[in-house]
Amino acid sequence: MVKAEAWNAAEDRFRAGRFLRGWRARPRRSADGQAVDLADPPEYPHPWQVVPQWSATDAAPSGQWVARVRPGACNGYDPGVSMPARDREVQLGTKPESPRGESVDVRLWESPSPWLVMAWRNPLVGGSATASPDGEVFVAPGEGYPAFFGRFGVRLPASGGNIEDPGSGESPEDPRRTRELRACDIVLSMARQGTRESIEVLDLADSATVRISTVFTNDALRARGPLPELRAVPRFVPAVEPDPFDRLYGTAVFPQTDDIHIATVWALSPPRTAPSAAVDAGWRLYAQHHVHWNLKYATAYDSGLVEPDPITLVVPLAGGIAQPIINAILSPTNDSLQRVRAYLETSTYRGRYWSV
Amino acid sequence: MIPGEEISAARIQALLDESRRSRTLRGHMTATRQLPHGVIVSAERAGFPWLHPWRPVVVGARGASIRPGSVNGVEATIRGVPLRGRIEAGQVPPVLQWGDASKLKMRPDGRGFIAVEVACAEDWTVLTAEMVQVAALDTEDGTYDESAELEPAPGGVRGISGRRAREAVAIIRLTSRGKIEALPLAHFDLKHRVRLEPGEPESKRKHFFW
């Protein structure tokens with residue numbers, strides 16, 4: 001005869017053998033047994049991974065969206081992040097005493113990690129208006145968004161066209177699409193030397209000569225230093241490099257930074273949100289990454305495409321004492337040489353990024 | 001069991017023994033937790049690390065092991081031993097030793113590099129790739145030169161004597177608690193080339209890694 005205790009013990013033992021659902025694991029039972037399916041492995045936390053976070057700040061005590069960025073590096077250096085000084089003081093556990101509006105540069109890998117304040121754009125509204133020669137005004141369509149958000153019922157972007165056409169510049173009506181969307185871009189920037197050409201007309205007795213001179217500009221490099229900078233902007237606009245005609249006309253202005261688009265953060269509203277609504281804690285944020293690996297950066301100068309090659313004359317004149325004088329005499333010539341090189345586009349310092 | 005047959009205590013005991021043998025045990029990259037009503041099976045939280053090339057793992061305070069990586073197909077080594085070890089010779093994967101935390105070569109901002117130092121042949125092909133711990137990539141002994149201003153961070157690395165050049169594959173730093181932390185910079189095997197400008201002295205040549 002089996003005692004009740006023994007029977008109950010057996011039941012308990014078998015019950016204890018059942019698989020239960022755990023973290024990233026799903027049990028499956030069948031008549032033949034039970035199996036465990038492990039979910040896909042968690043994604044690798046790659047450099048530059050953006051983690052949006054609702055956080056109380058000095059400017060918005062009730063909270064605002066900020067972005068923390070996982071450690072990333074450019075040329076082995078982590079970028080600087082500009083954040084409100086008072087918020088940094090709170091992060092560090094000290095009393096905020098800095099004046100409001102003042103900001104501090106914090107390296108991305110410092111602890112506690114700095115954050116970027118999001119600055120939003122609305123990709124649903126129409127773009128700028130342009131007038132045609134015959135007086136018609138056309139409005140550009142809305143920027144739009146990845147198809148992924150269409151499934152959530154985001155309002156359609158504004159359609160473009162002649163502003164007098166019905167519906168032009170407005171979102172097409174769709175009662176199933178009642179959500180709003182906002183976007184913010186995160187950009188990495190490296191300062192570099194820029195150049196600016198200027199044109200001068202010289203009136204020489206019976207003929208006019210045009211002289212195109214090049215001014216080397218390094219304001220950004222002096223202000224920001226050689227370290228990369230990470231910032232959040234409503235919209236990433238790549239710097240426009242001058243075209244050959246600009247250089248031919250002597251009006252070329254080469255930018256002083258090279259920027260790369262790291263990520264776009266999209267904010268998705270709850271259903272039935274007003275088009276003018278501001279992003280608040282009820283919105284869901286998604287990060288779309290454009291860069292996943294650490295970066296290297298080199299200007300054309302650094303990569304060997306341009307190498308200043310000043311004229312030098314080394315002679316054992318007066319036992320070498322005359323060398324500084326020779327250098328001084330050659331200096332204006334070298335300046336001219338550099339200007340000619342710039343004009344011939346050999347002094348474009350435009351840099352390139354690559355990943356490692 | 002035949003219908004009508006009595007269940008003896010011995011049979012129940014045998015069943016219990018069988019049940020014990022069917023216990024769920026923790027396997028590779030999984031965690032189990034026994035509860036009265038079942039076993040919670042989970043994936044290991046810290047599991048599934050991506051073992052990419054050059055992945056550094058700090059070993060105590062004295063060194064770091066580095067996952068195998070290569071430069072132009074030349075496998076990196078520590079003191080001549082490949083990062084994957086030499087199984088046939090009984091050599092386990094080596095550890096890059098720096099002694100203790102006070103011996104780390106660091107910049108004033110409290111950071112240093114784990115770098116791969118390549119030595120090139122006359123035609124600039126890579127001969128060897130040796131792991132080193134340095135504070136600066138372009139000084140002979142790898143120490144930080146305080147007299148040198150911080151240059152605009154170059155994408156190319158200036159070479160050093162002996163047709164050598166270093167590329168950082170990880171950053172190491174001391175945390176506020178004094179713990180050594182390594183953050184990977186390179187995630188893939190590397191390629192290398194040298195900028196060859198006519199007449200440029202060897203020491204001024206820039207080395208590019210990608």
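What follows is calculated from the coordinates using simple rules that are stated; it is not laboratory data. Quick caveat: nothing in here was measured; it's all calculated off a predicted structure. When we count neighbours, we look across all protein chains shown, and the Cβ atoms used for this are built from the backbone with ideal geometry, even at glycine.
Quick look at the numbers
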quantity	calculated
Inter-chain shielding of A:64-71 (mean C-beta neighbours from other protein chains, 10 Å cut-off)	1
Chain B, relative contact order [Cα under 8 Å, separation at least 6], %	17 percent
Whole-number D in µm²/s for the stretch A:1-52 (Stokes-Einstein; Kirkwood sum over Cα pairs; 25 °C, 0.890 mPa s)	165 µm²/s
Three-way shape call for the stretch B:53-133 based on the alpha-carbon gyration tensor, with the a/c threshold at 1.5	oblate
Set B:Lys103/B:Lys206; A:Lys296/B:Lys103; B:Lys103/B:Lys179; A:Lys296/B:Lys179; B:Lys103/B:Lys191 screened for pairs whose C-alpha atoms are more than 22 Å apart	B:Lys103/B:Lys206; A:Lys296/B:Lys103; A:Lys296/B:Lys179; B:Lys103/B:Lys191
In degrees, nearest ten, helix B:9-21 long axis to first principal axis of chain B (Cα)	10 degrees
Förster-model FRET efficiency, 41 Å R0, A:His292 and A:Asp12, C-beta, rounded to 0.05	0.25
Local electrostatic count at A:Arg68 - Lys and Arg +1, Asp and Glu -1, tallied over other residues with Cβ under 15 Å	+1
Net charge over other residues, Cβ less than 10 angstrom from the Cβ of A:Phe152 (K, R count +1; D, E count -1)	+4
Neighbour net charge for A:Thr257 - beta-carbon separation under 9 angstrom, K R +1, D E -1	-1
The stretch A:22-121 - percent relative contact order, Cα under 8 Å, separation 6 or more	21 percent
Prolate/oblate/rounded label for the protein assembly as shown (Cα gyration tensor, a/c 1.5)	oblate
Mean separation of Cα contacts under 8 Å, 6 or more apart, over the residue count of chain A: relative contact order %	15 percent
Residue order, fewest to most beta carbons within 10 Å, for A:Phe14, A:Phe149	A:Phe14, A:Phe149
Tail weight of P(r) past 21 Å, computed on alpha-carbon pairs of the stretch A:118-203, percent	53 percent
Under 5 Å, built H, 5+ apart or other chain: amide partners of A:Ser103	A:Ala85
Neighbour-count order for B:His37, B:His52, B:His28, fewest beta carbons within 10 angstrom listed first	B:His28, B:His37, B:His52
log10 of Debye I(q)/I(0), alpha-carbon scatterers only, for the stretch A:150-286 at 0.15, 0.20 Å⁻¹	-0.90, -1.11
